[in-house]
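Some notes on the structure that comes next.
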Amino acid sequence: MDQLPASVDHDILAHRSIAAIAAIRETFGCTIHQALDAYAQRYEELRRDRPGDFHPS
């Protein structure tokens, strides 16, 4: 997937998975499975590169 909207990162970091997946689907018009794959990939990138940015649950 190309560039994700900034809102996806904000939602992932704030543990708002459904909002992030919905934004991915809306942006790219993809299936839920594709959106879940994109979400998982971005989540792992953020966990690796910005672990201190995750808000407490």
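The values are calculated or read from the model by the stated rules, or taken from the named source; none is laboratory data. The structure displayed is predicted, hence computed values, not measured ones. Note that each Cβ is placed from the backbone with ideal geometry, even for glycine, and that neighbours are counted across all protein chains shown.
Values as computed for the structure displayed
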{"read-out": "Candidate set: region 1-23, residues that are surrounded by 13 or more Cβ atoms within 10 Å (Cβ to Cβ) and farther than 24 Å from G52 by Cβ; chosen: the one modelled with the lowest pLDDT", "value": "M1"}
{"read-out": "Pairs, first surrounded by fewer than 10 Cβ atoms within 10 Å (Cβ to Cβ) in region 34-57, second of a type outside the set (A, V, I, L, M), C-beta under 9 Å, six or more apart", "value": "H55/H15; P56/H15; S57/H15"}
